[in-house]
Structure formats: C-alpha cells, structure tokens
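Okay, handing you the structure first.
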Amino acid sequence: MMISITNPAPRAFPPKLRLLTTLLAAAVLSGCAVGPDYHPVQPTSLPSQWGEATGSATVTALKLTRWWDNFQDPILTQLIEDAVAGNLDVATAKVKIREARATYEQSTGQYFPSLSIGTSAQRSGRAASSTGTPTNSFNAGFDASWEIDLFGANRRNAEAAAYGVDASEEELRSTLLTLIGDVASNYIDLRGYQARLGYANSTAESQRKNADLTEIRFDAGAISAVDLASAKGQASNSEATIPTLQSAYLASLHRLSVLTGKAPTALNSQLQVVAPVPTPELPVATGVPADILLNRPDVRLAERQLAQSTARIGQAEAARYPSISLTGSISTSALQFGDLAKSSTIGWSFGPSITVPLFNGGQLKAAVEIARAQRDQNFLAYQSTVLTALEDVENALVSLAQEQIRHEKLAAATKYYRESAELSRSLYQVGSTSFLEVLTAERSLYSAEDPLIQSEVNIAKNYITLNKALGGGWNEPVDMTVPRIEDTKDGPRIVEQNVSQTVNQ
C-alpha cells in the first residue's frame, strides 16, 4: 500500500515549507545513497607464478597486442582485419554497446526535471434549433516535475547502467578475442591440410608408380603375387586418405570465409595457392597470473557484472524509502488564440508530493534480498571465471611444451625412417632384400611424416590458444557508432563497415 501526500497549490512559501526545501536540497547535495558501494574484490586462489612457465618466467613485459604478427604471415593478418570489420558476431556486440550507452543516457536523464508544454483548442455550440452561437476556447499549459533523488535510487540506476556500458565493451573485446583466435586456428588448419594433401598426393603417386613397376616385374616372373598385391594395396590405402583431407581443407576454407562475414566460397581463389604452415616465435611472454585480471576480457566482463549487480542492491533498497517530487504547472485560457498571452485567465500550482511505502506484503524487502542473491551469484561467477582463466593458461602452457617435445621426437623418427626407406630401396634394387621390406619402410615413413606436419599445426594452434588464454587480442579502436542499417526514403540500407574507422572510447 502506498500513501501519497500532495499539496497542489500553495500561494506562498511558509517557513516550514522553506525549511523542508532547504533540508531536501541539503540531502541531495550530500549525495546520500542507500545500499552498498562497490569495491573491487581480490579473487582467491591467485598464485604468484605459473606452474609451467618454462622459458618465459624471466619475461617481464607482456606482448599480447597483435600477437598474430609473430607468424609473419601477411595473408593471416589481412584475414583477421577483414574479420574484425565484417564478422556478424562483432557487429552484434557493437550494437549492444550502442544500446548500453543509450540506456545510460536514459538513466541519467532522471536527474533533471521533466518539462512539458501543451495546448488545446475547442469549438462548442448548441443544436440547430437553439439560438445560441458557437464559441471558441483556447488553452495552453506548462507542466514541470522533479523527483528528488533523496535516497539515491536514480543514482544507483545510473551507476548500474554505467557498469552495463563497461560490461558491453568487455563483451566486444571478448568477441574479438574469440574471433581472432578462430580465424588464426582455421588458417593454420587450412595450411596444415594443404601440406598434408601435398605429401599424401606425392606419396600416393610414388606408390602408384611402384605398383605399376611391380606389375611389370610380376608379369616377367621376377616377383610373387604377394608383392604385387601388397604394392597395389599400399597405393590404394594412401589414395584413400586424400578425400578426407580434401574435405577437411574445404571445411576450414569455408569457415574462414564465414568468419570474415562472406559467403563460404568467397576465399577460394585467394587461399588456393599453397603456403607453408606458419611458425610462431617462441617462447611466449606469460607474465604473472595476476595479469589476467587486467588482460582477460571475460574476467573483466564478470567483474563489471558484479559491480552492476551491487548497484542494483541500492536501487532496490531505495524503493523502501519515501520518494519526494516537486511539481508545478501554469495554465492559461482565452476565447481568442491571440489573447492567451495578454487577456486570459491564468492559473498556477506548485508543491511537493511525498510518497511513503507503508505495507506491501514484504515485496520491497524481498526485492532487496533478490538483488543481494544476484550479487552473490555474480561474485561466484567472477571467481569461477578467474579460476577457469588460470586453468586455460596452465593447460595451454603444458600443451605447447609437450607438443614441442613430441615434435622433436617425430622429426627424429622421420629422419631415421627416411634413411631406412632409401636404404631398403637400394638393397632391393641389388636383390639384397625383399620388396615387402621396402613397403614396410615406406609405410613407416608416411606414418611419421604426416604426424610431423600435424605436430607443426598443433604447435601453432597451441601458441594461439596460449595467447587467447592470456587475454591477447585486438586492442585497436573499433567504430561502434555507425549503425548497421540506415533508414532512407527508399527503405533500409546496409551500411558498409571499415576496420580503419575509429571512435573515442
């Protein structure tokens, strides 16, 4: 139940009213706002150093901005810039920032008085059988109202909206981080599939030639049918891997096109030229675990959401206190429009309005408890996000370090198997070994060479994963003021986006 006390038209300011006005002004200027003030919370379980920071513990400065430049691949750099400009998820995040900023501006408008002007005109008369003549009446009015933010409800609302702007900007940064990682990973996959396809095609071609020569020797009675069947089977087995690799290659190509906001086949001609798998510069500067609080956009997003939910507590708490508004109006009426400002009847009113919540079945108190519970949920989500970020970095460090070890072993195995294959061919040509040993050596070489290419891909992708986990991404200005759709006389028009456009943050 709400009780409203209104004094619509005092003609003078009695001493008590002047005293009330003075007290209200003092309360407003003092900045009284109920509810807790937000203070950043230091996460628990934050170690002083990484557990697997081998080779990078002495690095003091993080180099996370534009980490993809370490690949020294201009095509990859161009793809990332195209994706930042054209990706639809990024465009959606930009629009959310525009919405959050408009929401903040709307909330700060509650600080100021509300003013409105209204006019009306009316013509009246009697029925045709009467002798009365029609008359005109004109009215004009000026209304003003101002809700005094005595307990900070409006300020807490604006505070929450400001935190919402910060959160939306962090969401954009998080989207950019994910996007850049996806573009780089799919590009590495694409180059890896190109390399594996090239090796599989050359291997299958070599084995098909061996099978043809083996068939000639079989026809001459120099070898058995077992050798011929083995040669043909191995050639067919190598050829069978090509369609699978081709399918995976095209899938990566299509994904890259979509990530840049284009049709799936838009990049076919640009990327069909074979290039090697990019190799990153190692080691990676990891800094200390506390850096993720500043660099990870998902952690910063969770912290802003915690701050926003804290402000909501004060907003809910303020609803339990009285609200005071000052209202006033001036109206004038006349029989002629031109008389409104000179020969007219003028009326006015001014006075405070006080609304006091007395009984509402505990709804307002429950609303405060809901806000506090939501704040606690956001606090736990923030802590969980920090722990997940720490886990991501540790896992990426382990994966990168172990893959480097694996790559060294595969490189050694490939070297030895290549020597074995060359030696077995030489021995077979002079009749010192069987053809089966040649096939076995070639099969072993392929089983090491293809995983070696995959290991190069894994090292590059683990490098990408580590930089993402550390919070590396796009730190250059991004325009978020240009709308995606512009309304024109001919209908809506899509606005082209440009990565070089900037905006003051």
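Could you check the spin-label model distance between Ala220 and Phe350? Points 7 Å from the Cα along Cα→Cβ, value in nm.
With each label placed 7 Å out from Cα toward Cβ, I get 11.8 nm.
Taking only protein heavy atoms and a 1.4 Å probe, what accessible area per residue, in Å², does segment 130-234 have with all protein chains in place?
Heavy-atom SASA per residue in segment 130-234 reads 41 Å².
How high is the FRET efficiency from Thr108 to Gln377, r the C-beta distance, R0 22 Å, rounded to 0.05? Could you put the intermediate results ahead of the total?
Numbers: r = 27 Å, r/R0 = 1.23.
The calculated FRET efficiency here is 0.20.
Peptides 353-361, 245-253: what's the order by average Cβ count within 10 Å, highest mean first?
In descending order of packing, they fall as 245-253, 353-361.
Per residue, how large is the accessible surface of segment 252-377? Use a 1.4 angstrom probe and give square angstrom. Working shown, then result.
Numbers: 6470 Å² over 126 residues.
Accessible area per residue, segment 252-377: 51 Å².
Turning to a different aspect of this structure: Test of understanding: what is the full-extension gain from Thr92 to Thr133, defined as 0.36 nm times their sequence separation minus their Cα-Cα distance?
Net length gain for the segment: 8.4 nm.
Cβ neighbours within 10 Å, averaged per peptide: list 211-221, 97-107 in order, most packed at the top. The partial results should precede the final answer.
Values: 211-221: 13.4, 97-107: 16.6.
My ranking of the peptides, most packed first, is 97-107, 211-221.
How much of the accessible area of segment 91-248, in percent, comes from carbon and sulfur atoms when a 1.4 Å probe is used? List each step's numbers first, then the result.
Numbers: 4270 of 8050 Å².
Exposed carbon and sulfur together represent 53 percent of the surface.
In segment 411-465, what percent of the accessible surface is made up of carbon and sulfur (1.4 Å probe, ligands and nucleic acids excluded)?
Carbon plus sulfur share of accessible area: 53 percent.
May I pose another question? Here is the link list: Lys262/Lys409; Lys94/Lys365; Lys94/Lys461; Lys415/Lys461; Lys232/Lys415. Which ones come out longer than 32 Å on Cα distance?
Lys262/Lys409; Lys94/Lys365
Identify the trypsin sites (Lys or Arg not before Pro) of segment 346-376 meeting these criteria: DSSP loop state and at most 13 other C-beta atoms within 10 Å of the C-beta.
Working: sites: Lys365, Arg372, Arg375; in loops: none.
Answer by residue number: there is no such site.
Expressed in nm to one decimal, what extension gain is obtained for the pair Thr433 and Glu391 from 0.36 nm per residue of sequence separation less their Cα-Cα distance?
9.8 nm
Moving to a separate point now. With a 1.4 Å probe and all protein chains in place, put Lys461, Lys209 in order of accessible area, largest first.
Lys209, Lys461
Can you give the Kirkwood hydrodynamic radius of segment 221-304 from its Cα pairs, in Å with one decimal?
Computed over segment 221-304, the radius equals 18.5 Å.
Could you please report the charge total around Glu442, scoring K, R as +1 and D, E as -1 over all other residues with beta-carbon less than 11 angstrom from its beta-carbon? Mind showing how you got there, number by number?
Working: positive: Arg418, Arg425, Arg443; negative: Glu422, Glu437, Glu449.
The answer is 0.
Using packing as a proxy for protection, rank 292-299, 262-269, 223-230 so that the peptide with the highest average count of other Cβ atoms within 10 Å comes first. Don't skip to the end; give the middle numbers.
Values: 292-299: 20.4, 262-269: 13.5, 223-230: 15.2.
Answer by packing, highest mean first, reads 292-299, 223-230, 262-269.
The values are calculated or read from the model by the stated rules, or taken from the named source; none is laboratory data. Since the structure is predicted, the reported quantities are computational estimates derived from the model, not experimental observations. Neighbour counts run over all protein chains shown; Cβ positions are idealised from the backbone, glycine included. Just so you know, the surface numbers come from the protein's heavy atoms only, side chains and all, with ligands and any DNA or RNA stripped out. Shrake-Rupley method; radii C 1.70, N 1.55, O 1.52, S 1.80 Å.
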